[in-house]
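Input: a single structure, listed below in structure tokens.
The values are calculated or read from the model by the stated rules, or taken from the named source; none is laboratory data. What you are looking at is a predicted structure, and each value in this text was computed from that prediction instead of being measured. Note: ideal-geometry Cβ built from the backbone for every residue, glycine included; neighbour counts use all protein chains shown. Surface accessibility is based on the protein's heavy atoms, side chains included, excluding ligands, DNA and RNA. Shrake-Rupley method; radii C 1.70, N 1.55, O 1.52, S 1.80 Å.
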Amino acid sequence: MSSSHAAQIKGHLLAQVRELFQIELDDLAAEIPPKTELGDLAFPVAFELAKRLKAATGEKQNPRELAQKLADALASLDGVARVEVAGAGYLNIFLDRGRMFADLISMGDDPGAGTETGKLIVEHTSINPNKAAHIGHVRNAVLGDTTVRILRAAGETVEIHNYIDNTGVQVADVVVGFIHLEKKSLEEIRALAGRPFTTREEGFDYYCWDLYSRVGAWYEEDKTRLELRAKTLHEIEAGGNATAEIGELISSRIVDCHLDTMARLDISYDLLARESEILHLHFWTHAFEKLKESGAIVFETEGRNKGCWVMRAEEEALPGAEESEHDADKIIVRSNGTVTYTGKDIAYHLWKLGKLGLDFHYRLLRRDHRGRNVWITTGDEASARHDHPPFGNGTSFLNVIDVGQSYPQANVKRGVMAIDHDERVARSAHLAYEKVTLTPAAAIELGTELSEADSQRQQIGMSGRKGLGVKADDLIDRLEEDALKEVQARHTDLGLEGQRHIAHQIAVAALRFFLLKYTRTSIIAFDFNDALSFDGETGPYIQYSAVRANNIFRKLGRTPDDLRQDFQATSVEQCNRFFSGESGNDLWSLVYFASRLNEVMHVSAAGFEPTHVARYAFQLAKQFNLFYHNFHILREEDEARKLCLLMVADLVRRRLQKALALLGIETPERM
RNA sequence: GCGCCCGUAGCUCAGUUGGAUAGAGCGUUUGGCUACGAACCAAAAGGUCGCAUGUUCGAGUCAUGCCGGGCGCACCA
């Protein structure tokens with residue numbers, strides 16, 4: 001509402017500028033004054049006008065005088081209480097508080113504006129299925145999942161994919177570990193993968209975590225062992241042999257583990273797309289034909305890339321580029337005829353956009369923690385099901401992948417756009433985010449011995465290869481334990497099940513918020529103290545505020561819906577009384593801030609930056625806590641004022657819960 | 001060599017298209033619970049926004065050049 005209101009005022013202002021000064025402005029900057037006392041909306045339009053008028057007439061103009069002329073013309077506008085000129089020439093608008101508040105109360109949550117741009121395919125998580133997930137993988141998943149929640153709330157149609165690289169080097173390494181290092185048979189591995197476990201360490205994903213790092217060290221001892229990797233990888237890619245069967249067993253079981261881990265954080269997927277199917281269903285050969293036809297790739301007959309199909313770099317390949325150590329052209333098919341990763345990824349993305357002319361087969365993998373179907377691709381037509389939802393055929397895609405992959409991602413998009421010229425594809429993006437690293441203290445806590453060089457560094461990179469990292473399940477376990485202690489100290493009357501449930505909700509809030517409070521481009525140097533905190537700028541702080549707001553109504557014994565009926569009789573004039581004076585300003589600034597959730601949500605959606613919603617939620621919680629201390633609602637004796645305060649609490653309560661929901665965080669019954 | 005990201009309080013980080021006195025959390029010091037639950041609130045201290053020029057009414061934000069840190073630039077994935 002406030003955003004449409006602002007748009008309305010803006011339109012009126014533009015018309016006034018046209019009429020009074022004969023100047024046509026494209027758009028107006030609108031901002032929110034630093035203090036409530038200064039108004040609700042501010043336009044620095046007079047500065048721009050003064051400049052334009054001086055350019056046209058050569059006469060110097062006083063911005064304050066110009067602003068005053070506009071102020072007079074705007075004062076009578078509907079919904080505007082008054083207009084002031086402030087500072088060097090700001091045009092400050094005061095809204096009709098009582099009226100806007102009444103509108104907010106009766107309105108409920110307004111839906112996002114549907115964009116009608118077709119289906120957006122968001123790919124996230126995409127962890128190599130060869131070991132347990134760590135905190136860096138969780139950043140990816142939380143970022144992707146939260147972005148999807150925000151996009152959907154903003155009216156987008158989204159399909160969630162999790163790409164499974166089940167035929168890659170990382171899986172091959174673990175296969176090598178089982179076969180050559182541990183000398184285990186298929187049956188022994190199957191038993192290991194299926195055995196029940198009581199501790200995390202006994203879990204198959206944890207077992208593989210250790211094995212993977214042991215294999216890395218084993219290669220180091222004798223580099224000729226790397227030939228085993230190449231051979232194993234080749235067998236896995238080819239399929240239909242014993243090695244491939246082991247790879248399939250391992251990757252499938254690890255994918256299960258990953259899905260279980262992510263479910264703990266309320267993260268799920270519509271479809272798991274596997275690389276094995278992209279290979280076996282010959283996606284590449286189709287893509288290859290299309291790329292050749294379109295001229296996107298060319299066959300080099302001379303030079304360094306002789307015998308390869310390459311995607312040429314953009315025009316301005318500098319003279320003397322041949323001399324350069326690095327080549328701007330991207331090889332898609334090697335001179336030996338094999339296709340590179342970029343080529344395969346282009347094929348996959350053409351499928352995402354329905355431009356490949358081929359489809360996967362699908363089978364139902366599981367029902368997730370919320371009872372929704374999770375599908376997975378299969379190459380085996382016999383076991384496939386036909387009652388699956390329509391997958392793919394998106395109009396654009398969004399890939400949540402760390403920033404290190406920017407270069408290959410740019411190449412994939414370039415290749416796809418050479419074939420699919422739809423302007424909506426241009427919307428497609430690589431949602432790049434920075435890594436999670438470890439502080440030296442965290443690395444030591446994990447039992448690593450730091451080298452001389454490492455201890456001098458600000459941060460240390462996690463490494464699956466070295467087995468260095470904070471495992472997701474370990475961290476969630478610790479958060480749940482800590483939260484359980486707090487809950488048990490506060491709510492002795494709840495049974496253990498109830499206490500555990502709340503502790504879980506708090507743990508999820510703590511972890512998700514911890515990963516969302518940073519901007520995507522900021523490296524998170526993981527520190528146990530920060531991550532395990534429930535105080536201050538944290539998810540539990542926000543939950544606590546929402547729970548407090550709910551408690552007011554519980555204590556009162558009335559539901560907000562009930563009270564809303566009562567409030568209908570309250571006049572706008574009476575409301576305005578409560579929003580005047582010093583305490584009225586404080587009250588109003590809370591209401592006004594609460595009214596901006598949708599605005600923030602749309603900004604967040606447009607920039608694929610969930611942190612805006614996260615930070616907004618924190619600020620709203622903070623402002624609510626201030627209100628909570630300054631206005632003791634249930635002790636208020638003036639009944640009309642009490643009702644108004646209750647409505648403020650209800651408005652904030654609803655917005656807080658919605659903001660938390662957008663972040664994938666639940667509001668506990670009690671805390 | 002080319003490209004991208006980061007540099008803001010002791011620490012970790014915000015700062016929407018340039019706007020009014022640069023903000024928060026943690027930490028430090030001090031005060032507030034017979035409670036709409038203190039997982040909270042209040043107050044204090046803490047800044048040459050890496051450096052330098054420039055653009056303009058106005059720069060943490062834009063441009064150019066430096067300095068410092070991280071990461072890319074495979075016939076790997």
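Could you put A:Thr36, A:Thr437 in order of accessible surface area, largest first, with the 1.4 Å probe and the full protein assembly present?
Working: A:Thr36 30, A:Thr437 10 Å².
Ranking A:Thr36, A:Thr437 by accessible area, largest first, yields A:Thr36, A:Thr437.
Restricting to Cα pairs below 8 Å that are 6+ residues apart, what does the relative contact order work out to for the range A:457-531? Please round to a whole percent.
28 percent
Sorted by packing (mean other beta-carbon atoms within 10 Å per residue), highest first, where do A:366-377, A:117-128 land?
The densest-packed peptide leads the list: A:117-128, A:366-377.
At what distance in nm do the modelled label points of A:Asn373 and A:Glu293 sit from each other, each positioned 7 Å from its Cα along Cα→Cβ?
3.2 nm
Just how large is the dipole of chain A about the Cα centre, in debye to the nearest 20, putting +1 at every Lys and Arg Cβ and -1 at every Asp and Glu Cβ?
Details: 79 positive and 100 negative charges, 191 e Å.
Here the size comes out at about 920 debye.
How much of the accessible area of chain A, in percent, comes from carbon and sulfur atoms when a 1.4 Å probe is used?
Carbon and sulfur atoms account for 49 percent of the accessible area of chain A.
Taking 0.36 nm per residue of separation and subtracting the Cα-Cα distance, what length does fully extending A:Ala7 through A:Glu24 add?
Stretched fully, the A:Ala7-A:Glu24 segment lengthens by 4.4 nm.
Given a Förster distance of 30 Å, report the FRET efficiency between A:Ala88 and A:Tyr628 from their Cβ-Cβ distance, rounded to the nearest 0.05.
Step by step, r from the Cβ atoms, then E = 0.20.
Which residue, chosen from A:Leu494, A:Val508, A:Ala531, occupies the Cα position most advanced towards the positive end of the dipole of the range A:457-531, where the dipole is computed from +1 (Lys, Arg) and -1 (Asp, Glu) charges on Cβ about the Cα centre?
With unit charges placed on the Cβ atoms, the residue in question is A:Ala531.
Using label points projected 7 Å from each Cα along Cα→Cβ, tell me how many nm separate A:Arg478 and A:Arg99, to one decimal.
5.5 nm
Taking the alpha-carbon centroid of each part, what is the distance from the range A:175-210 to the range A:557-632 in angstrom?
With the range A:175-210 and the range A:557-632 each reduced to a Cα centre, they are spaced 53 Å.
If I take every Cα pair under 8 Å that is 6 or more residues apart in the range A:368-488, average their sequence separation and divide by the length, what percent do I get for the relative contact order?
19 percent
Taking the Cα-to-Cβ direction at A:Thr198 and at A:Asp562 and moving 7 Å from each Cα, how far apart do the two end points lie in nm?
Those two pseudo-labels are separated by 5.0 nm.
Can you figure out the FRET efficiency of A:Arg414 with A:Glu187, using R₀ = 45 Å and their beta-carbon distance, to the nearest 0.05? Intermediate results must be reported in sequence, preceding the final value.
Numbers: r = 47 Å, r/R0 = 1.04.
Working from the Cβ atoms, E equals 0.45.
How much length is gained if the chain between A:Ile523 and A:Arg635 is pulled fully straight, taking 0.36 nm per residue apart and subtracting their Cα-Cα distance, in nm to one decimal?
This chain segment gains 35.6 nm when fully extended.
Could you work out how far the C-alpha centroid of the range A:463-529 sits from that of the range A:397-453, in angstrom?
So the two Cα centres are separated by 24 Å.
Sort A:269-281, A:134-146 by packing, meaning the average of other beta carbons within 10 Å per residue, with the highest value first.
Descending mean neighbour count gives A:134-146, A:269-281.
In chain A, with Lys and Arg counted as +1 and Asp and Glu as -1 at Cβ, which of these residues, A:Ser589, A:Cys308, A:Leu14, has the Cα nearest the positive end of the dipole, that is, farthest along it?
Most positive-ward Cα: A:Ser589.
Got a number for the accessible area of A:Ser595? Probe 1.4 Å, square angstrom, nearest 10.
Around 10 Å² of this residue is reachable by solvent.
Using amide H atoms built in the peptide plane, which far-off residues or other-chain residues are under 5 Å from A:Leu438 H to H?
Counting only residues 5 or more places away or on other chains, the set is A:Ile460, A:Gly461, A:Met462, A:Phe526.
Quote the relative contact order of the range A:570-622 in percent (integer), defining contacts as alpha-carbon pairs under 8 Å separated by 6+ residues.
Dividing the mean separation by the residue count of the range A:570-622 yields 24 percent.
Let me cross-check A:Asp72: its accessible surface, 1.4 Å probe, with only protein heavy atoms counted, in Å² to the nearest 10?
About 110 Å², rounded to the nearest 10.
Taking every DSSP beta bridge that has both residues in chain A, what percent is antiparallel when rounded to the nearest 5?
55 percent
Output wanted: per-residue J couplings in Hz (rounded whole) for the range A:454-462, from phi through Karplus 6.51 cos²θ - 1.76 cosθ + 1.60, θ = phi - 60°, x for Gly and Pro.
Values per residue, Gly and Pro as x: 5, 5, 7, 7, 6, 8, 10, x, 6 Hz.
Sum -39500 (n - 2.57) across every DSSP H segment of at least 4 residues in chain A, then divide by the residue count to get the 222 nm mean residue ellipticity, nearest 500.
Calculated from helices alone, the mean residue ellipticity at 222 nm is -16500 deg cm²/dmol.
If you take the Cα Rg of chain A and divide it by 2.2 N^0.38 Å, with N the number of residues, what do you get? Don't jump to the answer; show the numbers that get you there.
On the way: Rg = 29.5 Å, N = 671, 2.2 N^0.38 = 26.1 Å.
So the Cα radius of gyration is 1.13 times the expected 2.2 N^0.38 Å.
Grab the Cα-Cα distance for A:Asp210 and A:Arg465, subtract it from 0.36 nm times how many residues apart they are, and report the gain in nm with one decimal.
On the way: separation 255, 0.36 × 255 = 91.80 nm, distance 0.93 nm.
Gain on stretching A:Asp210 to A:Arg465: 90.9 nm.
What pairs in A:Lys413/A:Lys517; A:Lys292/A:Lys413; A:Lys435/A:Lys517; A:Lys131/A:Lys413 have C-alpha atoms more than 18 Å from each other?
A:Lys413/A:Lys517; A:Lys131/A:Lys413
What does a probe at A:Arg424 reach in the range A:342-384, counting residues whose amide N is under 16 Å from the point 7 Å along Cα→Cβ?
A:350-356
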